[in-house]
Amino acid sequence: MNKICSRDELKAVIGRLKKKGKKIIFTNGCFDILHAGHTRYLSEARKLGDVLVLALNSDSSVRAIKGKTRPIVPEAERAEVLAALSSVDYVTVFDELTPLALIEFLRPDVIVKGGDWSEKDIVGADAVRSWGGRVAVMPEVEGASTTNIIEKVLQVCGPREPTRKEG
């Protein structure tokens with residue numbers, strides 16, 4: 001079974017799972033340079049139901065949100081790494097700036113975001129509540145962030161010339 005699905009494939013899978021009484025958890029994000037904060041967050045999110053669906057920002061949506069130098073890791077590789085995690089049941093990539101249309105399409109039972117989000121700012125929270133679902137905010141892992149990793153790499157390694165193989 002492939003854990004990386006199109007939104008239409010995922011809709012069909014979720015429909016079958018819901019008929020079996022499974023509770024669907026939804027989260028989304030860029031997940032550029034996976035770190036312990038991500039893995040802990042996803043592990044805790046998975047405990048809120050039966051199936052964790054991760055909606056991954058496409059490369060173009062990451063650039064629109066975080067700037068032209070991001071993502072560091074391309075979407076196909078980010079999706080593959082995330083799908084390899086035992087806490088993640090399905091991954092789908094979305095191009096929009098927010099996951100609202102995808103949330104409304106999939107209709108999860110629980111939507112989860114990290115502690116850097118306040119519940120009132122979580123995209124899709126009102127929609128999920130409107131069909132009886134709930135919203136959860138997971139605590140942040142202090143100091144764990146992709147930006148911190150990038151800054152540390154630049155500090156330790158500094159800028160460099162590309163090698164002949166890269167150039």
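The values are calculated or read from the model by the stated rules, or taken from the named source; none is laboratory data. None of these values were measured; they are calculated from a predicted model. Backbone-built Cβ (ideal geometry, glycine too); neighbour counts: all protein chains shown.
For residue 54, work out the one condition from (1) in contact (Cβ under 8 Å) with a residue 40 or more places away in the chain; (2) under 9 Å from the mean Cα position of the chain (by Cα); (3) farther than 15 Å from residue 140 by Cβ it doesn't fulfil.
Failing condition for residue 54: (1).
Return the only residue of 141, 93 being outside any helix (DSSP H, G or I) and either of a type in the set (Lys, Arg) or modelled with pLDDT of 95 or more (or both). Don't jump to the end; show me each part of the working.
Values: 141 fails: either of a type in the set (Lys, Arg) or modelled with pLDDT of 95 or more (or both).
Of 141, 93, the one residue that is outside any helix (DSSP H, G or I) and either of a type in the set (Lys, Arg) or modelled with pLDDT of 95 or more (or both) is 93.
Here's the yes/no breakdown for (1) outside any strand (DSSP E or B); (2) touching a residue at least 12 places away in the same chain (Cβ under 8 Å); (3) on the phi < 0 side of the Ramachandran plot:
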{"residue": "33", "(1), (2), (3)": "yes, yes, no"}
{"residue": "44", "(1), (2), (3)": "yes, yes, yes"}
{"residue": "60", "(1), (2), (3)": "yes, yes, yes"}
{"residue": "71", "(1), (2), (3)": "yes, yes, yes"}
{"residue": "78", "(1), (2), (3)": "yes, yes, yes"}
{"residue": "82", "(1), (2), (3)": "yes, yes, yes"}
{"residue": "86", "(1), (2), (3)": "yes, no, yes"}
{"residue": "97", "(1), (2), (3)": "yes, yes, yes"}
{"residue": "117", "(1), (2), (3)": "yes, yes, yes"}
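Examine the range 98-119 for a residue that is at pLDDT below 75, over 15 Å from the mean Cα position of the chain (by Cα) and among the charged types (D, E, K, R), and state whether such a residue exists.
No, there is no match, as no residue in the range 98-119 is at pLDDT below 75, over 15 Å from the mean Cα position of the chain (by Cα) and among the charged types (D, E, K, R).
Any residue at all in the range 45-54 that is over 16 Å from residue 134 (Cα atoms) and at pLDDT 95 or above? Give the steps one after another, and end with the answer.
Within the range 45-54, the subset over 16 Å from residue 134 (Cα atoms) is 54.
Within this subset, residues satisfying the condition of being at pLDDT 95 or above are 54.
For the range 45-54, residues over 16 Å from residue 134 (Cα atoms) and at pLDDT 95 or above: present.
Of the conditions (1) more than 22 Å from residue 122 (Cα to Cα); (2) among the aliphatic types (A, V, I, L, M); (3) out of contact with any Lys or Arg (no Cβ under 9 Å at 6 or more places or on another chain); (4) modelled with pLDDT of 95 or more, residue 42 clears all except one; give me its number.
Going through (1) more than 22 Å from residue 122 (Cα to Cα); (2) among the aliphatic types (A, V, I, L, M); (3) out of contact with any Lys or Arg (no Cβ under 9 Å at 6 or more places or on another chain); (4) modelled with pLDDT of 95 or more one by one, residue 42 breaks only (1).
Return the only residue of 17, 42, 52 being in contact with a helix residue (DSSP H, G or I) (Cβ under 6 Å, 6 or more places away or on another chain) and of a type outside the set (Asp, Glu).
When all the criteria are applied, what remains is 52.
Whether any residue in the range 61-68 is out of contact with any Asp or Glu (no Cβ under 8 Å at 6 or more places or on another chain) and buried (at least 22 other Cβ atoms within 10 Å of the Cβ) is what I want to check.
There is no residue in the range 61-68 that is out of contact with any Asp or Glu (no Cβ under 8 Å at 6 or more places or on another chain) and buried (at least 22 other Cβ atoms within 10 Å of the Cβ).
Mind checking which residues of the range 67-80 are out of contact with any helix residue (DSSP H, G or I) (no Cβ under 9 Å at 6 or more places or on another chain) and at pLDDT below 95?
Across the range 67-80, the qualifying residues are 67, 68.
Do we find a residue being at pLDDT below 95 and out of contact with any His (no Cβ under 7 Å at 6 or more places or on another chain) anywhere in the range 9-31?
The answer is yes; a qualifying residue exists.
Within the range 39-60, can you find the residues that are crowded, with 17+ Cβ neighbours inside 10 Å, out of contact with any Ser or Thr (no Cβ under 8 Å at 6 or more places or on another chain) and under 18 Å from residue 96 (Cβ atoms)?
Correct list: 57, 58, 59.
Only residues that are crowded, with 17+ Cβ neighbours inside 10 Å and farther than 21 Å from residue 38 by Cβ: list them for the range 108-124, please.
109
Restricting to the range 23-38, and then to whatever is more than 19 Å from residue 122 (Cβ to Cβ) and over 11 Å from the mean Cα position of the chain (by Cα), can you tell me which residue is surrounded by the most Cβ atoms within 10 Å (Cβ to Cβ)?
33
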